[in-house]
Amino acid sequence: MRARFAWNIPEQLNLAEVCCAGWARAEPDRVAVRHIGERDEVWTYGDLDRAARALAATLAGQGVGPGDRVAIFMAQNPRVLVAHLAAWRLGAISLPLFTLFGEDALRYRLADSGAKAVVADGAVLDLVMSLRADLSELEVVLATGEVLAPVLSLDEAMRDGDVPMAQTRADDPAVMIYTSGTTGDPKGVLHAHRFLYGHLPCMELAQGGFPQAGDVGWTPADWAWIGGLMDMAVPCLFYGVPLISHRFAKFAPEAAFDLMVRGGVTNAFLPPTALRLMQQASAPDGLRLRAIGSGGEALGGDLLEWGRDALGCPINEFYGQTEANLVVAACDGVMERVPGAMGLPVPGHEVAVLGLDDVPVGAGEVGEVCVASPDPVMMLRYWNKPDATAKKVVNGWLRTGDLAMLRSDGQLVFHARDDDVITSAGYRIGPVEIEQALCSHPDVTMAAVVGEPDPIRTEVVVAHVVLREGAEVSDDALKVLVREKVSAHVVPRAIVRAKSLPMTATGKILRRALRGG
């Protein structure tokens, strides 16, 4: 597959054209989005295109143009997609933002990006307006619901109007997504229109030959993050696959199952945390799932088997970062599935595990996962951070900061973030294998392993575990499990019970928050 692969990316490319306007001309009544909520909505490509044209005209009338940043501060619903399409139509840069951001997080991103416009849910409008005096470059605010001047009504802005499609090139900027800020200040990751095409090879593999007739896509991941937006929502629009939208106030596995049955979902992107919660619930009759994609944390063999047995479909894994997404994948049917393995580089992407002096490591060795530059899925740069960009892309390689072990068959096994590695008694220990071993116990629902300072060993291994409600498991039982499944030298010195674990907004366990806790 890699040998036969060749990119075919148009020189002139606008995401609003290939994800909506083209479909609207060819099949205006084709269903694009079905929103399931208090009030169900069905949006065709014709509906989306008319609303996006009108909103683009409103924004243009307020002085928004090519290169301006349009922040989108809304929960998952079709109007989020309208806002993206309107920004792209103008040649502007869409900036998705998570509605659970507090005052400081929102202020930082709006100020750092220099956003000229914000499109917001009425529920978060007060927060936006409380910051407006501090944001000299913010000129336009639109919101859902009843609004007062100077705020513009989003519903009215989507009714009438039109502007021509900006004649953007594939390398022109289109989207900026901020990192979750787990290793310092969040960085605005600027992507070009071409980055959609960079996602497609992995989507087609990990979603089981996607798209197929009758496919319906859904993800509970918020569209403010690259996983929700680019691992499901935007590819569905591009392929003409109906997309389900719904906003959970809090993720509940039973509700997720019900939504998938009601929506006839065949293809889903489900983060590992969601899968682990769903594993504890009973899968209902009526599921139509044929493939699930997951990424962000390594999955264990128990989850893979549960997917095949309980859901009747494979859970395929993929790996990437906001800066270069979906570049490695592990998929049923095209390779041997190795529990805990990230898989192989996806066709079209050159990925290597590099050691000292950028020399590729040998089989069984650990090195840094690096992606060759240029690559269609790779960022243009960090916004306003040239030094950080220069440190991220070095000697033709994007440095992920993630460590992996290279297997003899070429598959990569995630080892740790470089800053998550535990140094103990001369050993460099990655937390993932230990966490997987702990989670293989039927009463352990979640685990996070960190290093704590030790005067003799430098660090000792400490495991934080969340048990199934009402369960009691001894420390010795968990330590024996790690010893048998991994190795004696990685057995935790201490095990801490927790009711929950700190996580990023994207569902990744925040290990650094546990150190010293």
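Below is a table of values for the structure above.
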| quantity | calculated |
| --- | --- |
| Leading residue by the ranking (most open to solvent (accessible area, probe 1.4 Å)) among those in region 357-405 that are assigned to a strand (DSSP E or B) and within 19 Å of residue 185 (Cβ to Cβ) | 381 |
| Considering residues of region 210-219 that are assigned to a loop (DSSP other than H, G, I, E, B) and either crowded, with 24+ Cβ neighbours inside 10 Å or polar (S, T, N, Q) (or both) only, the residue farthest from the chain's Cα centre (by Cα) | 212 |
| Candidate set: region 284-339, residues that are over 14 Å from the mean Cα position of the chain (by Cα) and of a type in the set (Asp, Glu); chosen: the one nearest to residue 503 (Cα to Cα) | 302 |
| Meets criteria (part of a strand (DSSP E or B) and either buried (at least 23 other Cβ atoms within 10 Å of the Cβ) or of a type in the set (S, T, N, Q) (or both)) for residue 437 | no |
| Some residue of region 235-245 being within 14 Å of the chain's Cα centre (by Cα) and either open to solvent by 10 Å² or more (accessible area, probe 1.4 Å) or within 24 Å of residue 23 (Cα to Cα) (or both) | yes |
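The values are calculated or read from the model by the stated rules, or taken from the named source; none is laboratory data. Quantities reported herein were computed from a predicted structural model and do not represent experimental measurements. So basically every Cβ, Gly included, is an ideal-geometry build from the backbone, and we count neighbours across all protein chains shown. We work out accessible area using only protein heavy atoms, side chains counted, and drop any ligands, DNA or RNA first. Shrake-Rupley method; radii C 1.70, N 1.55, O 1.52, S 1.80 Å.
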